[in-house]
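So the structure is just underneath, and the comments pick up after that.
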Amino acid sequence: MKYLEKLFEIKEAINHTQESDSIFLEAVKEAFNYHYTHNEMYRNIADAENFDINSIKNLDDVANIPHILVDAFKWYDILSIDKAEIAATFTSSGTSGQKSHISWNEASQKRQTLMRQRIIESYGLKSDEKVNYLIFAYSPRVSEGKGAAYAHQMYSTFAPANKKEFAIDADKNGKAFFSEELCVNYFTEFQNDGIPLRIVGFPAFIYDTLLHMKEQNIRFKFPKDSLIIIAGGWKTAQDKFIPFDEFASLTETYLGIGEGRIRDVYGFVEHGVPYITCEHHHFHVPIYSRAFARKPGTMEVLAEGEKGLLQVISPYNTSQPALSILSTDYAIIHSGCACGRNGQYIELKGRAGLKKHEGCAITATELLIERDKIFAVKEL
């Protein structure tokens, strides 16, 4: 696929150009034609809508590419390749409910990895200096193939690791375990090393640790080029949710890490594109995707500034027809960010419906609810 490969040759991932937009448009057409030819289910969807890829003339038109509801990946094993070509499969599931099965062939996995790398580099967040990592997410011993666990691991590859520890690890019985005290012990060890700290993971666990430090009046002062990457959302810990300013105040007070060194990541395994905040805390749409807000019921594409269901489009995955995904999240699309980067950004406005779309962050935050009944530090 000529244009799909050219898209990932572009190093600047956040600033859109006429060239990158043109290549993206052609890559989307290539991806559609591939899935139309190789996936009967997707071909039937397109035919039922009388969709013709030749009707896609500009970037606004890509919203018309037939979408698949994100929950469909919970119920159907939708592949555009032979199973023998699958290089990796990830799930997004809570402790109950049907799991999504998201698969990549080798080429799609490489594109997804390169996409994340390009975005991090474009934000200037890659470093050659050794750092210590504390990952507030699943260790490989308890990750069980979860997509977020894979993503969290990937965010710990953009600076060489001096030490790497996990906040959610296995206890002596092999069960998932989390302890604020253990995290504070890691912070103490890391501060003695005198090098930058990088924190990656679920915000609810980071927040609980910060509250524990506040209660115990435990403070650290890590180097100014330390970094926090929040990924996975609050999910079932919404009762713990706090505004970004309050979260940043805690990290500044108890870790010495200011708000300019905190980045948030939005994404979901079925789509695979990471949307990472800039210095002004906006989720920018990279050159590898497009985002639209649709009016529930009519599916009308809404103008910038209007809230609707988030539709996201990316051609990177040729393993499954996840080219156009309608999510269960409400969002508003904007442009003109004060950071100066062009293109659009996404303002998230919560989830649709009465039941939250389940993901592995739900599994994680359930630990915060149940751990006092099940886990104890002495078990380690």
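Can you say whether Phe190 is at pLDDT 95 or above and in a loop (DSSP other than H, G, I, E, B), as far as the supplied structure shows? Please lay out each step first, then the result.
Values: at pLDDT 95 or above: yes; in a loop (DSSP other than H, G, I, E, B): no.
It is false that Phe190 is at pLDDT 95 or above and in a loop (DSSP other than H, G, I, E, B).
Given Lys172, Lys164, which one is part of a strand (DSSP E or B), out of contact with any His (no Cβ under 9 Å at 6 or more places or on another chain) and assigned by TED's automatic domain parsing to the domain that holds Arg219? Walk me through it before giving the result.
Numbers: Lys172 fails: part of a strand (DSSP E or B).
Lys164 is the lone residue from the list that is part of a strand (DSSP E or B), out of contact with any His (no Cβ under 9 Å at 6 or more places or on another chain) and assigned by TED's automatic domain parsing to the domain that holds Arg219.
Can you spot a residue in region 265-281 that is free of Cβ contacts under 8 Å to residues at least 12 places away in the same chain and over 21 Å from Thr17 (Cβ atoms)?
Here is the first cut: in region 265-281, the ones free of Cβ contacts under 8 Å to residues at least 12 places away in the same chain are none.
No, every residue in region 265-281 fails to be free of Cβ contacts under 8 Å to residues at least 12 places away in the same chain and over 21 Å from Thr17 (Cβ atoms).
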Answer yes if at least one residue in region 285-295 is over 21 Å from the mean Cα position of the chain (by Cα), surrounded by fewer than 17 Cβ atoms within 10 Å (Cβ to Cβ) and either more than 28 Å from Pro315 (Cβ to Cβ) or among the small types (Gly, Ala, Ser) (or both), and no otherwise. no
Would you point out the residue of region 184-232, among those that are touching a residue at least 60 places away in the same chain (Cβ under 8 Å) and among the aromatic types (Phe, Trp, Tyr), that is farthest from Arg116 (Cα to Cα)? Phe187
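This table checks each residue for (1) crowded, with 17+ Cβ neighbours inside 10 Å; (2) in contact with a Phe, Trp or Tyr (Cβ under 6 Å, 6 or more places away or on another chain); (3) of a type outside the set (Val, Ile, Thr).
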site: Phe247; (1), (2), (3): yes, no, yes
site: Arg261; (1), (2), (3): yes, no, yes
site: Val269; (1), (2), (3): yes, yes, no
site: Pro321; (1), (2), (3): yes, yes, yes
site: Ser324; (1), (2), (3): yes, no, yes
Does Lys11 satisfy the criteria of being closer than 29 Å to Cys337 by Cβ and either outside any loop (DSSP other than H, G, I, E, B) or not basic (Lys, Arg) (or both)? no
With the checklist (1) closer than 15 Å to Val70 by Cα; (2) in contact with a Phe, Trp or Tyr (Cβ under 8 Å, 6 or more places away or on another chain); (3) not aliphatic (A, V, I, L, M) in hand, flag the one item Cys337 doesn't pass. (1)
Could you tell me how many of the residues in region 265-308 are under 11 Å from Ala331 (Cβ atoms) and in a strand (DSSP E or B)? 9
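Can you tell me which residue among Lys130, Lys163 is touching a Pro at 6+ places or on another chain (Cβ under 7 Å), within 30 Å of Gln216 (Cα to Cα), of a type in the set (Lys, Arg) and at pLDDT 95 or above?
On the way: Lys163 fails: touching a Pro at 6+ places or on another chain (Cβ under 7 Å).
Checking each option against the conditions leaves just Lys130.
Restricting the search to region 309-327, which residues are among the aliphatic types (A, V, I, L, M), in a strand (DSSP E or B) and within 13 Å of Leu69 (Cβ to Cβ)?
Of region 309-327, the ones among the aliphatic types (A, V, I, L, M) are 309-310, 312-313, 322-323, 325-326.
Now drop any that are not in a strand (DSSP E or B), which leaves 309-310, 312-313, 325-326.
Selection gives Leu309, Leu310, Val312, Ile325, Leu326.
Output the number of residues of region 316-341 satisfying the condition of being more than 17 Å from the chain's Cα centre (by Cα) and in contact (Cβ under 8 Å) with a residue 12 or more places away in the chain. Outline the logic, then answer.
The initial filter retains those residues of region 316-341 that are more than 17 Å from the chain's Cα centre (by Cα), namely 318-321, 332-341.
Filter once more, so that each one left must be in contact (Cβ under 8 Å) with a residue 12 or more places away in the chain: 318-321, 332-335, 337-339, 341.
Count: 12.
The values are calculated or read from the model by the stated rules, or taken from the named source; none is laboratory data. Predicted model, so just to flag it, every value in this text is computed and none were measured. Neighbour counts are summed over all protein chains in view; Cβ atoms, including those assigned to glycine, are modelled from backbone coordinates with ideal geometry.
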